[in-house]
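Shown next, in structure tokens, is the structure this report addresses.
Laboratory data are not the source of any read-out in this text; all were calculated from the coordinates shown. Here the structure is a predicted model, which means the values were calculated and not measured. Glycine gets a Cβ as well: all are built from the backbone with ideal geometry, and neighbour counts include every protein chain shown.
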Amino acid sequence: MLPRYYAFLEAEARILAEAVIQDPSQLSNLIKLKIGTILIRIFYGYYVKTDNDPFLILIRASLNIFSSTAVSGVWLVDSIPFLKHLPTWLPGNGSLATAKRWRDVTWKAVWAPYAWSKRSFESGTVALPNTCAMALDIMDGELPAELEEQLVWATGTMTAGGLETSIIGTLNFFLAMMLNPVVQAKAKQEIDSVVGRDRLPTISDKSSLPYVRSVVTEVLRLNPPIPLGAAHALSRDDIYEGMHLPKGSIVLANILHMLHDPEVFAHPMNFDPDRFRNLDSEMQKVTNVVFGFGRRQCPGKSLAENTVFAIAATVLATCEILPNVDKDGRDIIPSVVYSSGMFRFPSRFECNIRLRSDKGNDLLTQSIDEVPGISPVQSSV
């Protein structure tokens, strides 16, 4: 991820921290809105302000479709491909009509924000920097049809792919900090020691905060957002542990099992950032798995890592994440279960989020200086 986006990510992390302090009951909704805002702004130069924004609604709808279609074995046409050539009115072939409706929604979800971004780039009113503007600027505003289509689907895929995974990672961070107060205190101590309490941590501080990085990594290890990764089809015959896998076979990587393997991670069900010993080489045992493999590794890996880090570091520096208490003052520890399907969401939970100090409030108020509005188009986007 390019440093040009660091200030924006940091500003959005601070806006989120301020919002969750004001209303912790809306934690999930605030995180979902903020992650959507970050991604759509970076890729299209469009700033989402409300949960009912039309672009955000479209992208979420396309994600719901993707989640439904990506489950291997659900759709008969995946196993019997010739069914796609039969009329949709044939009994038992209604999935083709569904596919057409879903294709129209998905097409609109990727093309509508791009079309807006292109028009705004041409009129000089798009917020910079952003991915689409960078591509358009390089080509003097006009992309060949094939290249434009590649850009549309690349930005659309990155936006949709990063939305759910970053939301899950951020939710799991808040949950882990509430359930592990000793870890939370140790991470705060590192921030206070390295950064101090007269400013907020930035992404540039990341290399100096190995324990905070370990916390984020352990969040991803214990509860990976996509436990079976994305389904892939073999491009050629292969042999795996003596088993012949013919070309075209659908292959899923059991990421959850890999990250819970006790031969690699001792006591895998414990939340323990110390297992990495503050070493990047140990953390890579997680990040080299959770984001996929080889050429098919998630291209938004850096953006996702920096987004969750910026939020985590900002919240740790300014907030206390605590369980709610009952009428007798006893902690209410939520019983969280995880969803099935492609994306592994935690069930709704509540916590108490309060300021660490008045100084933290002043820092949040003073440092939210990224104006998410319109910046003039420049040649160097």
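Give me the percent relative contact order of the range 307-360, please, defined on Cα pairs under 8 angstrom at least 6 residues apart. Please report the intermediate quantities before stating the final value.
On the way: 54 pairs, mean separation 22.3, N = 54.
It rounds to 41 percent for the range 307-360.
Computed FRET efficiency, Cβ-Cβ of Gln297 and Asn270, R0 25 Å: what is it to the nearest 0.05?
About 0.35, to the nearest 0.05.
Please name which of Ile191, Leu222, Trp153 has its Cα lying farthest along the dipole of the chain towards the positive end, using unit charges on Cβ (Lys, Arg +1; Asp, Glu -1) and the Cα centre as origin.
It is Trp153, whose Cα lies furthest towards the positive end.
So what is log10(I(q)/I(0)) for the range 311-373 at q = 0.20, 0.29 1/Å, when the Debye sum runs over its Cα atoms only?
The calculated log intensity ratios at q = 0.20, 0.29 Å⁻¹ are -0.92, -1.16.
Treating only the Cβ atoms of Lys and Arg (+1) and Asp and Glu (-1) as charged, compute the dipole magnitude of the range 311-369 about its Cα centre; round to the nearest 20 debye.
With Lys and Arg at +1 and Asp and Glu at -1, about 200 debye.
I'd like to know how the chain sits against the 2.2 N^0.38 Å rule of thumb: what's its Cα Rg over that expected value? Can you show the working numbers first?
Values: Rg = 22.2 Å, N = 381, 2.2 N^0.38 = 21.0 Å.
After normalising by residue count via 2.2 N^0.38 Å, the value is 1.05.
Given H placed 1.01 Å from N in the peptide plane, which residues other than close sequence neighbours of Ser249 have an amide H under 5 Å from its amide H?
Under 5 Å from the amide H of Ser249 lie the amide H atoms of Leu234, each far enough along the sequence or on another chain.
Using the structure shown, select from Lys34/Lys118; Lys49/Lys100; Lys49/Lys206; Lys100/Lys301 the pairs with a Cα to Cα distance greater than 26 angstrom.
Working: Lys34/Lys118 23 Å; Lys49/Lys100 31 Å; Lys49/Lys206 28 Å; Lys100/Lys301 31 Å.
As for pairs spanning more than 26 Å Cα to Cα, those are Lys49/Lys100; Lys49/Lys206; Lys100/Lys301.
Along the Cα→Cβ direction, 7 angstrom out, place labels at Met243 and Arg356. What is the inter-label distance in nm?
The two pseudo-label positions are separated by 4.8 nm.
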